[in-house]
Amino acid sequence: MIYFEKIRELTKLIPASIVDFSIERERTSPPTQASSNFITNKEQGDWAEMLIFRAINETSKNYVAVRYGKSDDIIAVKKHDFNSDFGYDISKIKHSEIDDYVKKAVAGLEIRSSAFLIDKYENQMQKRTDLNLKKALSVKKQILLEYSDILKEPKKNKYLEILNGINENTIFAVSFIRPSWKSTEKLAKLSLLFKELKDAIIIVQKRDYLSITPKVEDLKVVHKWIEKFNVPHFYFQVFFDKSFGISFQNILSLITEPEKEGEYYEISEDIKNQNKTTIKINTR
């Protein structure tokens, strides 16, 4: 089975609610300066593309990176297939003149950029999680020590069961509606403690990770490109301290498995992507 046939078979498994490959992609307007900080984003994107371009050409003994165009920022060709007449930038050459050359590529690369230091970001998120885990367990202990008599009452006993079930392993799955008792001063204080507990648990459970961010609408563009050239496609996400890559094939495989949503990826509108529906793939 050739590469494109594998991709086509995967598209049949993807829920139409995510992307329907049987429907032609609608043309969209390019982003405006006002809506997307166009100049800053372009400069950052150019920097990321140059980084990958230089990394390949300065370190690889077998491949050459060539600037290509919009669907793929860069193509990689084997050194013996590199056309020196075309040079390192074919983005301004007519497609009809380079289509056969592009079909010789071993990879098409789309480069995206993120203005973060991933190690620093993940360290900060881990510190935040640890702090709020400690806080949640401390509040739980305080409630049990000071208010267990109230929670033993029949109508409040369910909260005692919830508290006894919270530990550093189960906290990631805990969910409850916090009480809003106010009839006495003690009950009001207990309600505030439950609010403090729930706020800490929400932060512990929050999945804050940096991600590779292909737009859903672009999947159709890439699919069409692969159909024409039968060249493997990859996404690269360049952070200020690290870069991550994933194949288009693996992206499609991932979104055919709904049970992995939430842990390995999420799908949402992204303000940094002009509010376009975006697949955010965990880099961890």
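Odds and ends about this structure:
- With the convex hull drawn over the C-alpha atoms of the stretch 163-241, the volume per residue is 191 Å³.
- The stretch 222-250 and the stretch 70-113 have Cα centres spaced 14 Å apart.
- Pairwise Cα distances in the stretch 119-205 exceed 16 Å in 52 percent of cases.
- Calculated FRET value between E161 and I18, using beta carbons and R₀ = 25 Å, to 0.05: 0.05
- Normalising the average separation of contacting C-alpha pairs (under 8 angstrom, six or more residues apart) by the number of residues puts the relative contact order of the stretch 89-228 at 28 percent.
- Candidate cross-link partners of K206 among the aspartates and glutamates, defined by an alpha-carbon separation under 16 Å and a same-chain spacing of 8 or more, comprise E122, D130, E168, E196, E261, E263, E266.
- Helix-derived mean residue ellipticity, 222 nm - over the chain, DSSP H n ≥ 4, -39500 (n - 2.57), to 500: -14500 deg cm²/dmol
- Here each label is just a point 7 Å from Cα along the line to Cβ, and for R178 and S268 those points are 2.0 nm apart.
- Antiparallel bridges, percent of DSSP beta bridges restricted to the chain (to nearest 5): 75 percent
- Against the chain, whose longest principal axis comes from its Cα atoms, helix 38-59 is set at around 70 degrees.
- Whole-number percent relative contact order across the chain, with pairs defined as alpha carbons under 8 Å at least 6 apart: 23 percent
Read-outs: derived from the displayed coordinates by stated rules, not from any lab. The structure displayed is predicted, hence computed values, not measured ones. All Cβ positions, glycine included, derive from the backbone under ideal geometry; neighbour counts span all protein chains shown.
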